[in-house]
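Below is one structure; the comments refer to it alone.
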Amino acid sequence: MTRRSIHVECPTCSDAPTTRPVRRSSPMSPRTSKSTDFHGLGGSWMDFPVRLAFIMLVGLTCFGGASAELRAKGIARGVIQVKSGKSIGQSVLQSIEPLILWCQAVNTTTHTPFKINSATFNAPHHSHEAKISIDGLTANLTLEKVPVTDAGKWNCILATDQGNATGYIDVFLRPIVFSTHAIRADPRDTSEFHLDATGVTVVLGEDAELTCPVFGRPVPKIQWRVGGKNVKLGDRISMNGTTLVIKNVTYDDEKAYTCVAENSFTPPHKKQGVTKNDLFLERKLRVKSPLAWLLPLILIIAILTLLGLIIGLCECRKRRNKQALLATEPEDE
């Protein structure tokens, strides 16, 4: 937890001068005005009202006129635990375990907790009223089914008789595929975090874009791999955010590309150590010929031609059968 407070430096007795300095006039010129030091602060009696007001302000601050210095203390990290590596469509993925947070308002010097009058936990998109403990010293929050969109920086705002204190909490989330559009992403090799996504088909010579719509906190680092090796980036192949862009594609680019998203954080129950989390999203690039439309057209023409021939043959047969039937009928006498 971090703290937000105001610190006022107060002069102590040891800061005051022990002797009263004496100002001497120059021996070369007589004094034209009479001046007297005021407790070693210097200046004339004309400055007395200003200096008196300053001393009263400092005394008021040091002896109770200002509120006690506060800071927030509590859990510094939380994790949204998920069982699936994708959140697709309008139904947002939710946590499978409760998110438990707490914080206190304590004195900066003595670390003594103050009684809390009210407390609020604020997520990136939601606010939650905290439950105050029986002794009034701790603000608690337990949430079930937390949406993954609430991962990020939280804060707790504590109101006490001595003032307000604000603390900050990092709520982490491992990388997942996140998209409000309907895309296909099926688990591969029985792993919920190794997914096969919809392939991309482009015409030879055009540009291809392979998107990797991932979300997590901390923000995941993205790498694209092909054949188990990192894609070499250059003028023709580059990255635009998390999207792999291949210009002027050739048949050699027709491969399976894997987006690897990774982040790491220290779990709440550990003081040290980092947990690494990764997600694999595979997308296949297909390259078709500029004349690829010609083959379907030829097939359609051939089918229509064959259908016309069949219809013509059927009509010819029907006519022959009708003529044969007429030829075999007896003439009327």
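The values are calculated or read from the model by the stated rules, or taken from the named source; none is laboratory data. Keep in mind the model is a prediction, meaning the values are calculated, not measured. Neighbour counts run over all protein chains shown; Cβ positions are idealised from the backbone, glycine included.
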Might you let me know whether segment 137-150 holds any residue that is touching a Lys or Arg at 6+ places or on another chain (Cβ under 6 Å) and not aromatic (Phe, Trp, Tyr)?
-> yes
Within segment 133-188, track down each residue that is closer than 13 Å to Cys103 by Cβ, assigned to a loop (DSSP other than H, G, I, E, B) and in contact (Cβ under 8 Å) with a residue 24 or more places away in the chain.
-> Leu137, Thr138
Residue satisfying all of: in segment 163-194; under 23 Å from Ile246 (Cβ atoms), modelled with pLDDT under 95 and hydrophobic (A, V, I, L, M, F, W, C); surrounded by the fewest Cβ atoms within 10 Å (Cβ to Cβ) among these | Ile183
Only listed residue being crowded, with 19+ Cβ neighbours inside 10 Å and among the β-branched types (Val, Ile, Thr), chosen from Val249, Val274, Val245 = Val249
Those residues that are at pLDDT 95 or above and β-branched (Val, Ile, Thr), I need them from segment 107-148; list them, please.
-> Ile116, Thr120, Ile132, Ile134, Thr138, Thr142, Val146, Val148
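Matching residues to (1) at pLDDT 95 or above; (2) polar (S, T, N, Q); (3) over 23 Å from the mean Cα position of the chain (by Cα); (4) surrounded by 18 or more Cβ atoms within 10 Å (Cβ to Cβ):
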site	(1), (2), (3), (4)
Val219	yes, no, no, no
Gln223	yes, yes, no, no
Lys288	no, no, yes, no
Ala302	no, no, yes, no
Candidate set: segment 124-145, residues that are loosely packed, with under 13 Cβ neighbours inside 10 Å and polar (S, T, N, Q); chosen: the one farthest from the chain's Cα centre (by Cα) = Thr142
